[in-house]
Amino acid sequence: MSRSAQASGDIARGHVSEQMRSSQGTLVWTDKPWVNLKAVPTVSHGMQKDTFPDCQITLARDGLTLPEIGERITALCGIRVIFSPDALAMGQSVGTTQAMKGPLPAPDDNGRIPLDQLGAAAGTISTGVASTPVMMNGLRWQGKLSGLLDMIAARTGLTPRMDNGAILFSLLETRTFQFTFLNTNITSNASVTSGSTSSMGTSGGSSTSAVSGDSSSSQQTTVDQSRNVYDDMKKTLETMLTPQKGRFWLSASTGTLTVTDTPAVLNSIATYVDQQNRQMNRQVRLNVQVLSVSTSRKEQLGLDWNIVYKSLRSAGASLNNVSGDIANATSASVSILDSATGSAAKFAGSSLLIKALSEQGDVSVVTSQGSVTTNLTPVPIQMADQTVFVAGSATTTTTDVGATTTLTPGMITTGFNMTLLPLIQDDGDVQLQVAFNLSDPPTIRNFTSKDGNSYIEMPYTKLRSLSQKTNLRAGQALVLTGFDQSNTRMTKSGTFTPGNFLLGGGRDGDDSRSTLVIIITPELMGNGG
């Protein structure tokens, strides 16, 4: 591992030196054609005037209704004019008003009269309602048909368009849109809990005095996230629709969105759907490397990050934390690794850090995994072991059979667990939320009751948790460390009494320390949006 890391570091330094020596001119000529492979969507300009017949029309009489104007257009231009039902329903509703006969019904507790009782008390009151066509008062026109249609659209809000050789006036249109990503229901929870509980008590025997007490302290930090992608978009669409007119339906199974509303609202929804498709389909590759650095020198209390910083600096990379560079730091927990740019970028990430860490101890790769995910989709990573232990025992004694012992097994899962949630922004930066916990292999302790009839095993483990949210630019990597573990080994040799120097024995032991270093490198895929 040390030779491989050193070779990668040498290659990276060579690329950096070559980049610094080479000077690129302002103008670069190339013989290869340059084609942008990203499709450019056409912009819808709404109603096109050149699609309407080019005829002259004159309206000199005031107070014409829309159907009468349609008849005039048909007579002068020879083209049919159709009005949709919602366009005809724009007319004002009229009805007859009559006095109620008999006493008024008693109001309820809120002082209001129920509508059903109000209708019954009305008796034979006629409530017929009629709809009158929209009247265009003050409209006079002489000129092209397209100009007249523009004026009608401005005054009524109706949209004229060509439909099967006829001019169709409509207030609402229906369009279908397609979301190109699956519905995702995400529930995430990251919790860091600590606490202790103690109790004490004593009694005075036959006296009436007694002392008892209980004390406890705890601290818990929890980060919850629960969302449903389509439910969130439904709430957004509801705010975009025209009140009391617009309606929509979003199919969670097919991702199809059907909207009925005015053309202006439909154009806004089309922009929103296109923006969501680009944003949610951005892809990122999350490369995770878990390293273990073992040191055996007694005078070394852990990794000296000052040495790591200087080694990275000489290779063209840097290691920064929230407050800036850590040139004088002796420990680190959350840091950002700035890789070199250009052709050395792929070497100046984890390889350079491994090279720098190998100068202080033996570096081994515990696990290495690369996962491709889309925007706002979590990636779980687990590397765990399961240990079975005796959770309980029971002894049953019968007259004919004797004693029967029943053991109840239990299981504990320990190891490495991590959940990564990326947010890919428009400029290519990635906001990465990391939920991480690490537990050591359990230590089993035995307990036997005094009578020997009960036996259990109690597992003990050490748990470390971390919840972190960090913004990373292109070429940066997140470095998590500070997870140390000390190991002590003692070997005794000799006859009769091992370890007794008088009888030719001896003792041999060593102290070692292992540090876990986690490197997370996001790499944007081709469709960064």
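A few comments on the model shown:
- The criterion of at least 1 residues that are of a type in the set (Ser, Thr, Tyr), in the same structural domain as Val293 (by TED's automatic domain parsing) and at pLDDT 90 or above is met, among strands (runs of 3 or more DSSP E) falling completely within the range 418-494, by 443-448, 455-460, 463-472.
- The range 370-405 - residue that is touching a residue at least 24 places away in the same chain (Cβ under 8 Å) and in a loop (DSSP other than H, G, I, E, B) and, of those, nearest to Leu420 (Cα to Cα): Pro378
- Of all the numbered requirements in (1) surrounded by fewer than 18 Cβ atoms within 10 Å (Cβ to Cβ); (2) under 28 Å from the mean Cα position of the chain (by Cα); (3) modelled with pLDDT of 75 or more, Asp338 misses one, and that requirement is (1).
- Criterion: surrounded by fewer than 18 Cβ atoms within 10 Å (Cβ to Cβ) and at pLDDT 75 or above - qualifying residue of Ser343, Ser371: Ser371
- Scanning the range 392-442 for residues that are loosely packed, with under 14 Cβ neighbours inside 10 Å, more than 46 Å from the chain's Cα centre (by Cα) and polar (S, T, N, Q) gives Thr396, Thr397, Thr398, Thr399, Thr404, Thr405, Thr406.
- Condition met for Thr413 (in contact with an Asp or Glu (Cβ under 8 Å, 6 or more places away or on another chain), over 15 Å from Leu286 (Cα atoms), in contact (Cβ under 8 Å) with a residue 12 or more places away in the chain and not aromatic (Phe, Trp, Tyr)): yes
- Flag if Val363 is part of a strand (DSSP E or B) and at pLDDT 90 or above: no
- Output for the range 243-260, where each listed residue is touching a residue at least 12 places away in the same chain (Cβ under 8 Å) and polar (S, T, N, Q): Thr256, Thr258, Thr260
- Of all the listed residues (Thr197, Thr239), the sole one being β-branched (Val, Ile, Thr), outside any loop (DSSP other than H, G, I, E, B) and modelled with pLDDT of 60 or more is Thr239.
- Residues being assigned to a loop (DSSP other than H, G, I, E, B) and over 23 Å from Asn137 (Cβ atoms) - total across the range 47-86: 9
- In summary, Val129 fulfils each of the numbered conditions (1) buried (at least 16 other Cβ atoms within 10 Å of the Cβ); (2) at pLDDT below 80; (3) hydrophobic (A, V, I, L, M, F, W, C) with the single exception of condition (1).
- Search result, residues across the range 249-296 that are among the basic types (Lys, Arg) and either in a helix (DSSP H, G or I) or in contact with a helix residue (DSSP H, G or I) (Cβ under 9 Å, 6 or more places away or on another chain) (or both): Arg278
The values are calculated or read from the model by the stated rules, or taken from the named source; none is laboratory data. Every value quoted in this text rests on a predicted model; they were computed, and no experiment measured them. Here the Cβ is made from the backbone with ideal geometry for all residues, glycine too, and neighbour counts use every protein chain on show.
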